[in-house]
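The values are calculated or read from the model by the stated rules, or taken from the named source; none is laboratory data. Computed from a prediction, not measured in an experiment: that's the story for all the values here. Using ideal geometry, Cβ is built from the backbone for each residue, glycine included, and neighbour counts are taken over all protein chains shown. Just the protein is used for accessible areas: all its heavy atoms, side chains included, with ligands, DNA and RNA removed. Shrake-Rupley method; radii C 1.70, N 1.55, O 1.52, S 1.80 Å.
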Amino acid sequence: MGYTAELRPDAPKSSARFGFTWPSKISLLCGVLSTPLSASVVVIGGGPAGLLAAERLAEAGHQVTLYEAQATVGRKFLVAGHGGFNLTNSEPLPDFAPRYGLQRTQFAEYLNYFSPNDLRQWAAALGINTFEGTSGRIFPTEEHKPAQLLRAWVERLQQLNVQLFTKHRWLGVTPNNGLLLRDEATGREMETQAAATVLALGGASWAKTGSDGRWASILEHIGIQCVAFAPSNCGAEVPWSAFFREKVGRAPLKNIALRCGTDTARGELMLTDYGVEGTPVYALTPALRAALAHNSTAQLVLDLKPDLSDAQLLEKLRKPRGGKSLATFLQQTLRLATPVPTLLREVAPAEALATPEALARLLRQVPLPVTSLRPLDEAISTAGGVAWEEVDEHLMLRRRPGTFVAGEMLDWEAPTGGYLLQGCFSTGAWVARGVHRWLTQQQ
Ligand SMILES: Cc1cc2nc3c(=O)[nH]c(=O)nc-3n(C[C@H](O)[C@H](O)[C@H](O)COP(=O)(O)OP(=O)(O)OC[C@H]3O[C@@H](n4cnc5c(N)ncnc54)[C@H](O)[C@@H]3O)c2cc1C
């Protein structure tokens, strides 16, 4: 059994350790503070990975305390909700696991343990039904907002007696092997001991949600190797001319294919004043990052008509143009509207538009030179984090037995489409299993 103690001897008596009463559902979401209790399992980080680990551990009968640095839990989860709230994906597991790239083998195991179906059932048990949208993406039904899911989830944690402390930042470990925390409301520091700890501190983007990656230096300080953070699922910068930026601004190109090296992605590309963004760009960020590591420019190649064969494309372009402008001709024959002609003139010399053959080649391979990825803080997710060599098969830190790591803070990345949240849920469930097993062995 653990204990919680204030470290600063001058701390006011009013911050006595006990006497915690469970706050109401609303006050929990608003981050009402109380004083930490002793705990057998401490979870740090109130994102989806930490909340699910806490829930599963409490269900297994453990006394769980969760600390969150922000005033409310699940801030990035709610941000994810603004953009469509894509909870998971219906893709079959053999295709799902490779979405996690080099970590596909481990993720196959985590996904088997807590699958996309399990996630849907879990949401349904909280009263949130889901449906399958286009390309297999799974969303909560129209009437269910992300905040509703989060509220129901916190209520569920409340029923399970999970102690939740917001505005409590984890600062590191103490010489006694304890956890050092700071109450952000009072500035008081305190130490708590736990039989097992789950770290679920998130990645390093959208710092305003609390996922600031500051934990990496804490872990490095105690000898845990972390891979440098890098933006994933983010926009890419293309050096447009001032004319193009002004004329085009923001414009979508629907139903395109985008290539970087040997990787290809389909979807809707968004031209922006800084370059390009959208699902296909996000999916290609690992390839772009790799290319930019060796060269000052990475090449994206845009296919504006991926559903037409070369012969079909050429046939359409060979139709007599008459006196029509390029813009009218492309619109009428290929349904390529503005800003396509402006884009073609921006990136290719006049001769590339001069003949049907040259134009067919260009429409198939519009070159988009990328000079960099957008800044880390803007990215939907981050690559980098706790190195895989640092954790065992239960996601327990090898150098710190009893401390487990879940969610985006591990060094993995996956495309958008529900794979990110699913990865966080599955690793959250997996560490709960690992903690349970560890505590059982310690008895
Ligand atoms: C704009 C946007 C849209 C997205 N859309 C989707 C989507 O549709 N589908 C999808 O699958 N994914 C989406 N994601 C990604 C998804 O939200 C994240 O992958 C997921 O929230 C990560 O979960 P996590 O639990 O690992 O970490 P987080 O959700 O980042 O939670 C970590 C928590 O730890 C807390 N914390 C950090 N340091 C400390 C500390 N020292 N002490 C105490 N607490 C600390 C943070 O405050 C935070 O609350 C989106 C992300 C963004 C930014």
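Of note:
- Any chance Gly187 is open to solvent by 20 Å² or more (accessible area, probe 1.4 Å), closer than 30 Å to Thr440 by Cβ and either in a loop (DSSP other than H, G, I, E, B) or in contact with a His (Cβ under 7 Å, 6 or more places away or on another chain) (or both): no
- Yes/no for Ala352 being surrounded by 23 or more Cβ atoms within 10 Å (Cβ to Cβ) and either over 18 Å from the mean Cα position of the chain (by Cα) or within 16 Å of the ligand (Cβ to nearest atom) (or both): no
- Those strands (runs of 3 or more DSSP E) of region 237-278 in which 3 or more residues are over 19 Å from Leu373 (Cβ atoms) and open to solvent by less than 70 Å² (accessible area, probe 1.4 Å) occupy 251-260.
- Residue within region 159-172 that is among the small types (Gly, Ala, Ser), at pLDDT 95 or above, assigned to a strand (DSSP E or B) and in the same structural domain as Val405 (by TED's automatic domain parsing) present: yes
- Subset of region 46-83 (residues that are within 14 Å of the chain's Cα centre (by Cα) and part of a loop (DSSP other than H, G, I, E, B)): Gly47, Gly74, Gly83
- Selection of region 46-73 for residues being touching a Gly at 6+ places or on another chain (Cβ under 8 Å) and more than 7 Å from the ligand (Cβ to nearest atom) yields Leu51, Leu52, Ala53, Arg56, Leu66, Ala71, Thr72.
- Within region 279-293, tally of residues that are within 24 Å of Lys247 (Cα to Cα) and in contact (Cβ under 8 Å) with a residue 40 or more places away in the chain: 2
- Subset of region 74-88 that is more than 6 Å from the ligand (Cβ to nearest atom) and open to solvent by 20 Å² or more (accessible area, probe 1.4 Å) - its residue that is modelled with the highest pLDDT: Leu78
- Every listed requirement among (1) more than 30 Å from Ala432 (Cβ to Cβ); (2) open to solvent by less than 40 Å² (accessible area, probe 1.4 Å); (3) at pLDDT 95 or above is met by Ile224 save one, (1).
- Of all residues making up region 158-205, the number that are in contact with a Leu (Cβ under 6 Å, 6 or more places away or on another chain) and without any contact (Cβ under 8 Å) to a residue 60 or more places away in the chain: 3
- For Thr440, the stated conditions hold: it is out of contact with any Leu (no Cβ under 9 Å at 6 or more places or on another chain) and either near the ligand (Cβ under 10 Å from one of its atoms) or open to solvent by 10 Å² or more (accessible area, probe 1.4 Å) (or both).
- Arg137 satisfies every condition listed in (1) at positive phi; (2) open to solvent by 30 Å² or more (accessible area, probe 1.4 Å); (3) in contact with a strand residue (DSSP E or B) (Cβ under 8 Å, 6 or more places away or on another chain) except (1).
- Gly249 being more than 20 Å from the chain's Cα centre (by Cα) and at pLDDT below 95: yes
- Answer from Asp95, Asp118 - the residue that is in contact with a Ser or Thr (Cβ under 9 Å, 6 or more places away or on another chain), more than 10 Å from the ligand (Cβ to nearest atom) and not hydrophobic (A, V, I, L, M, F, W, C): Asp118
- Any chance Leu150 is assigned to a helix (DSSP H, G or I), of a type outside the set (Val, Ile, Thr), farther than 15 Å from Thr427 by Cα and open to solvent by less than 30 Å² (accessible area, probe 1.4 Å): yes
- Residue in region 91-113 that is over 19 Å from Leu410 (Cβ atoms) and surrounded by 20 or more Cβ atoms within 10 Å (Cβ to Cβ) present: yes
- Some residue of region 336-345 being over 21 Å from Arg259 (Cβ atoms) and within 13 Å of the ligand (Cβ to nearest atom): no
- Subset of region 294-331 [open to solvent by less than 30 Å² (accessible area, probe 1.4 Å) and touching a residue at least 60 places away in the same chain (Cβ under 8 Å)]: Ala298, Leu300, Val301, Leu302, Asp303, Leu304
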